[in-house]
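The values are calculated or read from the model by the stated rules, or taken from the named source; none is laboratory data. Remember, it's a predicted structure, so these values are computed and weren't measured experimentally. Don't worry about glycine lacking a Cβ; one is built from the backbone with ideal geometry, like all the others, and counts go over all protein chains shown.
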């Protein structure tokens with residue numbers, strides 16, 4: 001039997017990998033391939049934190065493949081050499097392969113690219129098959145009774161759950177058949193994915209990428225963390241979430257594996273709040289497939305006329321965690337240091353950017369894209385349009401998160417702020433979220449000097465809220 005190529009992308013695992021399973025079942029040698037072709041991502045090329053994670057994950061994948069008698073072929077799909085299609089054709093020529101398998105990408109540019117690659121390879125006479133390896137349900141198949149895409153989460157998730165049982169994941173193969181002669185491969189370091197700044201140390205301290213570590217993280221959450229999820233999921237100062245999002249994005253673990261692990265090991269009433277979050281991930285991809293312009297444009301077209309401000313200084317203060325609002329600043333510093341941010345904090349900082357500062361939500365989406373290790377185009381788009389009030393099932397435009405009370409409610413002891421804004425660590429909890437209102441003696445005792453060790457607020461929240469509501473009301477009413 002002639003060889004098959006398995007084109008790895010955001011599915012960097014061996015277990016429950018439909019494309020790899022299909023190649024092995026076909027028979028004959030299997031050649032695993034990874035092609036670095038960021039130019040084919042259009043203007044949503046992977047950001048710095050994502051590239052760091054990708055490098056570690058590829059190292060892990062190659063090591064796992066070698067334990068099974070195989071290894072990863074790494075190539076650069078330069079546009080001048082025909083991109084991914086040119087690389088695949090080159091490897092096909094080198095190996096005499098007659099079949100190519102991959103798991104689908106659902107982002108607009110990669111999806112368009114994949115369609116062209118599939119058509120070209122079929123025209124070359126090859127067998128080509130693609131699979132849904134990243135979602136529980138194919139986003140193109142879930143429709144309303146009228147045949148339209150959903151734009152509200154609750155009926156969408158109800159339709160998903162009625163679509164049938166989630167298939168069981170497939171196990172790790174015992175061995176992967178190797179070709180008699182391996183094609184050339186680039187050293188992974190030649191892709192230049194690693195960070196060259198001191199940020200890498202923070203990411204290494206916070207994360208352990210790779211399929212094995214994803215599995216260990218899953219074992220941890222089903223053994224005890226899911227039980228804490230309902231109570232602590234909104235508390236950024238506590239370990240109340242699974243932190244599986246980057247592992248899911250890079251495909252180090254499949255959603256089917258996650259789903260069955262949770263539903264098997266955890267009582268239904270405890271598991272449901274967590275499983276619903278998997279549903280939101282499915283919804284995000286559903287929206288991206290059916291509304292592919294939303295990473296750059298609001299789903300609700302009237303929001304295109306919203307009078308956003310241009311304020312480079314305020315944007316810089318937001319990015320650096322120097323807004324004068326400790327809950328916001330803690331979240332933004334956590335993001336920079338670890339490449340991740342708690343979901344409650346994501347909502348708060350998003351509201352602060354889009355409503356308190358009245359800066360375009362796209363600015364926030366771009367910053368998250370470059371700094372998050374779990375930067376996912378579907379999730380990023382849904383989150384930012386939700387908090388800005390311009391997307392599907394969005395937060396009402398009148399909802400403006402209060403940057404003080406969010407901290408007081410969800411981190412009342414101030415643990416989150418004391419960790420990420422250490423210059424405020426000695427402030428009493430009463431003032432930890434309002435240092436600019438604290439008595440002078442309290443500030444002196446805590447070694448806080450406003451405008452020197454910590455900034456005053458860049459905006460007055462009450463005034464900013466009124467300004468935002470007026471702008472959003474004008475868009476909603478047309479006057």
Show the residue pairs meeting these rules: Cβ distance below 7 Å; 6+ apart or different chains; first residue within the range 85-97 and touching a residue at least 40 places away in the same chain (Cβ under 8 Å); second residue surrounded by fewer than 17 Cβ atoms within 10 Å (Cβ to Cβ).
96/2; 97/2
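Tell me, which helices (runs of 4 or more DSSP H) lie completely within the range 339-390 with 1 or more residues that are more than 25 Å from residue 305 (Cα to Cα) and touching a helix residue (DSSP H, G or I) at 6+ places or on another chain (Cβ under 8 Å)? Write out each step before concluding.
On the way: elements: 343-351, 361-371, 377-388.
Output list reads 343-351, 361-371.
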Suppose we filter 423, 413, 463 for residues that are out of contact with any helix residue (DSSP H, G or I) (no Cβ under 6 Å at 6 or more places or on another chain) and under 20 Å from residue 320 (Cβ atoms); which single one remains?
423
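Of 30, 100, 59, 74, which residue is closer than 28 Å to residue 380 by Cβ and touching a strand residue (DSSP E or B) at 6+ places or on another chain (Cβ under 8 Å)?
On the way: 30 fails: closer than 28 Å to residue 380 by Cβ; 100 fails: closer than 28 Å to residue 380 by Cβ; 59 fails: touching a strand residue (DSSP E or B) at 6+ places or on another chain (Cβ under 8 Å).
Answer to the check: 74.
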Does residue 403 satisfy the condition of being farther than 30 Å from residue 157 by Cβ and not assigned by TED's automatic domain parsing to the domain that holds residue 283?
yes
Whichever residue in the range 182-202 is touching a residue at least 24 places away in the same chain (Cβ under 8 Å) and within 22 Å of the chain's Cα centre (by Cα) and, among such residues, is surrounded by the most Cβ atoms within 10 Å (Cβ to Cβ)
193
Considering each of 323, 263, 257 in turn, give the residue that is closer than 24 Å to residue 131 by Cβ and over 20 Å from the mean Cα position of the chain (by Cα).
263
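Does residue 323 satisfy being at pLDDT 95 or above, crowded, with 24+ Cβ neighbours inside 10 Å and not in a helix (DSSP H, G or I)? It would help to see each step written out before you state the result.
Details: at pLDDT 95 or above: yes; crowded, with 24+ Cβ neighbours inside 10 Å: yes; not in a helix (DSSP H, G or I): yes.
Yes.
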Enumeration of residues in the range 268-292 that are touching a helix residue (DSSP H, G or I) at 6+ places or on another chain (Cβ under 8 Å) and more than 21 Å from residue 134 (Cα to Cα):
270
Among (1) in contact (Cβ under 8 Å) with a residue 40 or more places away in the chain; (2) more than 24 Å from residue 26 (Cα to Cα), residue 82 falls short only on (1)
Among what's in the range 107-127 and is without any contact (Cβ under 8 Å) to a residue 60 or more places away in the chain and crowded, with 20+ Cβ neighbours inside 10 Å, pick the residue that is nearest to residue 376 (Cα to Cα).
114
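What is the residue count in the range 203-225 for residues that are within 20 Å of the chain's Cα centre (by Cα) and over 19 Å from residue 59 (Cα atoms)? Reasoning before the result, please.
So the first thing to find is which residues in the range 203-225 are within 20 Å of the chain's Cα centre (by Cα), and the list is 203-218, 221.
This time we only want the ones that are over 19 Å from residue 59 (Cα atoms), so: 218, 221.
Total satisfying the criteria: 2.
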Within the range 239-272, considering residues that are touching a residue at least 40 places away in the same chain (Cβ under 8 Å) and in a loop (DSSP other than H, G, I, E, B), the one farthest from residue 282 (Cα to Cα):
266
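So that you can scan it fast, the table gives a plain yes or no per residue for (1) buried (at least 19 other Cβ atoms within 10 Å of the Cβ); (2) over 23 Å from residue 331 (Cα atoms):
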{"site": "241", "(1), (2)": "yes, no"}
{"site": "248", "(1), (2)": "yes, no"}
{"site": "254", "(1), (2)": "yes, yes"}
{"site": "262", "(1), (2)": "yes, yes"}
{"site": "270", "(1), (2)": "no, yes"}
{"site": "281", "(1), (2)": "yes, no"}
{"site": "290", "(1), (2)": "no, yes"}
{"site": "305", "(1), (2)": "no, yes"}
Helices (runs of 4 or more DSSP H) completely within the range 414-479 that count 2 or more residues being surrounded by fewer than 20 Cβ atoms within 10 Å (Cβ to Cβ) and under 32 Å from the mean Cα position of the chain (by Cα)
415-420, 461-477
